[in-house]
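First the structure, in the form of structure tokens, and then the observations on it.
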Amino acid sequence: MSSDGEILLACIAALAAIVLFVAYAKLPPFLAIFVGAVIAGLIAHVPVEIIAKSFSKSAGGVLGESGYVIAMGAMLGSVMTKTGAADRLAEFIIARTSARYLPWVMALTAMIIGLPLFFEVGLVLMLPLIATVSARSGQSLLRIAVPVLAGLTALHALVPPHPGPIIAITTLHADMGLTLLLGLVIAVPAVVLAGPLYGKWLSQKASLATVTQLATLPEPISGLRPPSFLLTISIILLPAILMLIRSISLYVLQSDSSLAHLLDFIGEPLVALTLTVLLAILTLSWRSGMEKKHVGETLTASIAPVAVLLLTIGAGGGLKGVLVEAGISQSISHFASQTHAPLLLLAWGVAVMIRQATGSATVATTTTAGIMAASFQLLPPVESSLIALAIGAGSVFFCHINDAAYWMIKSFFGLTLRQTLWMWSVLQTIVSLVGLIMASVLWMILVSS
């Protein structure tokens, strides 16, 4: 096992190498990340054969979890755009919302659609709507996109049934309902500040003036029969409904019942999205008059723009695997055991450090919750819920180049590294800091009073 200092040096060297290779050598991000992972492993004295195995295993794990979901989401987004379904939904929103309140409505839409969804799923489902609303309303793409990203981020970090909050709740033996309620209380101001308000400021920033359209969405096909609003909203909400039903069934059905097994299956993200894509082909593409040949071409073409993205996401998972193998989690655990910070600040700070090192909110949440549970047993319900939420807030602090979502945002919006930091990393930092502040305020009101 390497020393804590060597592991810290390995992290810094890996991140510096990745930035240099991408920004100056112009290497593809997935290749730069692989080189950075090898550098980190060598500095941390991880055996060379273990570096390769850890990288491959973790990269495969990340792609197994999110790669298929992103690919199916890209297909669904392409079908919605080509058939005019995204246009129909955008028309409905724009017709009933003044320009002043449009970013706020988009943030609310993202929170509703994204409540039961993984971040990646929510993002790919919202992309066609983001592009269409921006184009049809004449508003800056950033003013529309940033509130959506804020809504999805806050829910992902703070509100069950998202994986991070669920892990923290389970590990800390917190109350699910109480954590859900407090999470929503914290999420609303986080979305307001990181979404419509930050998006308005960001849209006026000169260095982001070139961000005017999404990089991966096709143009609608003319001459097709437009879908109804009811059909459009049903398609876009279907995966959310299937996943939400699955989450509810875990608490209301016997785990060994046939219905529970069925709902568990169809509520899996990859199954829910696959069923939605198949239904979209039937009801949106074929029913609109699109030729079957063109449907197949549309689905195939939608995969090409995300191919490099999938490799990059996998490479980010590989870097995480190498750092975990080097002992990054243990090093941060050592630090946590030696500090005497307040509980909320400690939980948030440890999650921040693990997220910065590994690039994974799930790893940050799991490790931090384990540390807190081992150190502080049988906390009162309110305290355990607020600590779980502080961990969730810390897990999204300043997500950068070792974060899979960072590369998703960069690719989808056609950004430079610097632009992605402004649009994504700072946005996540706002959510994280507001989460900590709100959790602290609630602690003072509910615990200290």
How much length is gained on full extension from residue 57 to residue 31, taking 0.36 nm per residue of separation minus their Cα-Cα distance?
7.7 nm
Rg and Dmax of the stretch 211-282, Cα atoms, in Å?
16.5, 51
Among 317, 345, 426, whose Cα lies farthest out toward the positive end of the dipole of the chain, if unit charges sit on the beta carbon of Lys, Arg (+1) and Asp, Glu (-1)?
426
Of 176, 282, 8, farthest towards positive along the dipole that unit charges on Lys, Arg, Asp, Glu beta carbons give the chain
282
Linear extension gain, residue 215 paired with residue 16, 0.36 nm per residue minus alpha-carbon span:
69.0 nm
As computed over the chain, the Cα convex hull volume per residue (Å³):
152 Å³
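How long are the semi-axes of the equivalent ellipsoid of the stretch 334-419, taking √(5λ) for every eigenvalue λ of the Cα gyration tensor, in whole Å from largest down?
On the way: eigenvalues 168, 30, 19 Å².
In descending order, the three semi-axes are 29, 12, 10 Å.
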If the convex hull of the alpha-carbon atoms of the stretch 176-225 is projected onto planes in all directions, what is the mean projected area in square nanometres?
7.3 nm²
In the chain, taking the dipole from +1 charges on Lys and Arg beta carbons and -1 charges on Asp and Glu beta carbons about the Cα centre, the listed residue (335, 406, 384) farthest towards the positive end is 406
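With a cap of 15 neighbouring Cβ atoms within 10 Å, and only residues DSSP puts in a loop, list the trypsin sites (Lys or Arg not before Pro) found in the stretch 1-107.
Details: sites: 26, 53, 57, 82, 88, 96, 100; in loops: 26, 96.
Passing both the DSSP loop test and the Cβ count: 26, 96.
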Compute the whole-percent fraction of alpha carbon pairs in the stretch 231-383 spaced more than 20 Å apart.
69 percent
Using 10 Å bins from zero, what percent of all Cα-Cα pairs in the stretch 384-449 falls into each bin?
22, 39, 23, 13, 3
Using θ = phi - 60° and the Karplus curve 6.51 cos²θ - 1.76 cosθ + 1.60, what whole-Hz ³J(HN,Hα) does each residue of the stretch 47-59 get, with Gly and Pro shown as x?
x, 4, 5, 6, 4, 5, 5, 5, 4, 5, 5, 6, 4
Give the angle, between 0 and 90 degrees and rounded to the nearest 10, that separates the Cα long axis of helix 85-95 from the longest principal axis of the Cα atoms of the chain.
90 degrees
Going fewest to most other Cβ atoms within 10 Å around each Cβ, 186, 130 line up as 130, 186
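Please give the calculated 222 nm ellipticity per residue for the chain, where each DSSP H segment of at least 4 residues contributes -39500 (n - 2.57) and the sum is spread over every residue; nearest 500 deg cm²/dmol?
Details: 22 runs with 327 residues, N = 449.
The helix-only estimate for the chain comes to -24000 deg cm²/dmol at 222 nm.
Remind me, relative contact order of the chain in percent, using alpha carbon pairs under 8 angstrom and six or more residues apart?
Working: 749 pairs, mean separation 109.8, N = 449.
That works out to 24 percent.
Can you compute the FRET efficiency between residue 50 and residue 335 using 1/(1 + (r/R0)^6), with r the Cβ-Cβ distance and R0 = 22 Å? Round to the nearest 0.05.
Details: r = 24 Å, r/R0 = 1.10.
Calculated transfer efficiency: 0.35.
For the cross-link pairs 320/410; 26/82; 26/57; 26/205, which exceed 29 Å when the distance is taken from alpha carbon to alpha carbon?
On the way: 320/410 19 Å; 26/82 33 Å; 26/57 26 Å; 26/205 25 Å.
Violating the 29 Å limit, Cα to Cα: 26/82.
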If each of residue 248 and residue 268 carries a label point 7 Å out from its Cα toward its Cβ, how far apart are those two points in nm?
2.3 nm
Working out 0.36 nm times the residue gap between residue 97 and residue 225, then minus their Cα-Cα distance, what length gain in nm do you get to one decimal?
43.5 nm
Charges at C-beta only: +1 for Lys and Arg, -1 for Asp and Glu. How large is the resulting dipole of the chain about its Cα centre, in Debye rounded to 20?
1240 debye
Pairs of alpha-carbon atoms within less than 8 angstrom and 6+ residues apart define the contacts here; what relative contact order does the stretch 219-378 have, in percent?
17 percent
Using θ = phi - 60° and the Karplus relation 6.51 cos²θ - 1.76 cosθ + 1.60, list the HN-Hα couplings for the stretch 200-215 in order, rounded to whole Hz, with x at every Gly or Pro.
5, 5, 5, 5, 9, 7, 4, 5, 10, 5, 7, 7, 10, 7, 6, 8
Just to be sure I understand the model, the point goes 7 Å from the Cα along the line to the Cβ. What's the resulting residue 170 to residue 437 distance in nm?
3.3 nm
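Every read-out reported here was derived from the displayed coordinates using simple, explicitly stated rules and does not represent laboratory data. No experiment lies behind these values; they were computed from the predicted model shown. No Cβ is skipped: glycine too gets one built from the backbone with ideal geometry, and neighbour counts run over all protein chains shown.
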